[in-house]
1. Take Arg74 and Glu111, extend 7 Å from each Cα along the Cα→Cβ direction, and tell me the distance between the two endpoints in nm.
2. If we restrict to alpha carbons, what Rg and Dmax does segment 66-124 come to, in Å?
3. Please give me the summed charge of the neighbours of His94: other residues whose Cβ is under 9 Å from its Cβ, Lys and Arg +1, Asp and Glu -1.
4. In segment 37-117, which chymotrypsin sites (Phe, Trp or Tyr not before Pro) fall in coil by DSSP and have 13 or fewer other Cβ atoms within 10 Å?
5. In whole percent, and with a 1.4 Å probe on the protein chains, what portion of the accessible area of segment 74-133 is carbon and sulfur?
6. Calculate one ³J(HN,Hα) per residue across segment 41-56 by plugging θ = phi - 60° into the Karplus curve 6.51 cos²θ - 1.76 cosθ + 1.60, and present them in order as whole Hz with x for glycine and proline.
7. What residues have an amide H closer than 5 Å to that of Val76, excluding those fewer than 5 places away on the same chain, when H is modeled at 1.01 Å from N in the peptide plane?
8. So for each of 52-61, 121-130 I average, over its residues, the number of other beta carbons within 10 Å; can you give me the resulting order with the highest mean first?
Amino acid sequence: GGTEGTDASATTGADASATTAITGAATATTAASPDGAATAEPTTIDPGHRETLAGLMRRVVTEGSGTRANVPGRTVSGKTGTAEFGEGSPPPTHAWFVGFSGNLSAAVFLENGGVGGRDAAPVAGTLFAALPA
């Protein structure tokens, strides 16, 4: 599996495969609501694509950048991210992790939080570990 640096565009191994699957799996369209705000139309993912995506997200947690979200005795799947913003060398970063375990999902966003796998994934792991089995 790959390790996660601060470059949001650099992904390897299971992380790169999951990113590719997410990008190609489905597209959402938008429509205007009565108040003029854009809303997403419901979209579905082909069951085969869903299974592939879930498997790739599981690998991110078992062997990729999200291993710090792994919880013994629980199946956790997810994706980490590090988003550069602002100016500086290196620029500051936000850290994030999105994932699921069973029918529960979570998104962790750490503003100015560093690196997704190093900083956001452990927060998600703590949340999933605290849930009843």
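The values are calculated or read from the model by the stated rules, or taken from the named source; none is laboratory data. Everything numeric in this text was worked out from a predicted model, so none of it was measured. For neighbour counting, all protein chains shown are included, and Cβ atoms are generated from backbone atoms with ideal geometry for every residue, glycine included. Just so you know, the surface numbers come from the protein's heavy atoms only, side chains and all, with ligands and any DNA or RNA stripped out. Shrake-Rupley method; radii C 1.70, N 1.55, O 1.52, S 1.80 Å.
1. Taking the simple label geometry, Arg74 and Glu111 are separated by 2.6 nm.
2. When restricted to the Cα atoms of segment 66-124, Rg and Dmax are 12.3, 42 Å.
3. -2
4. Phe85
5. Carbon and sulfur together cover 58 percent of it.
6. Along segment 41-56, the couplings run 6, x, 9, 10, 10, 3, x, x, 5, 4, 5, 4, 4, 4, x, 5 Hz.
7. Under 5 Å from the amide H of Val76 lie the amide H atoms of Val71, each far enough along the sequence or on another chain.
8. 52-61, 121-130
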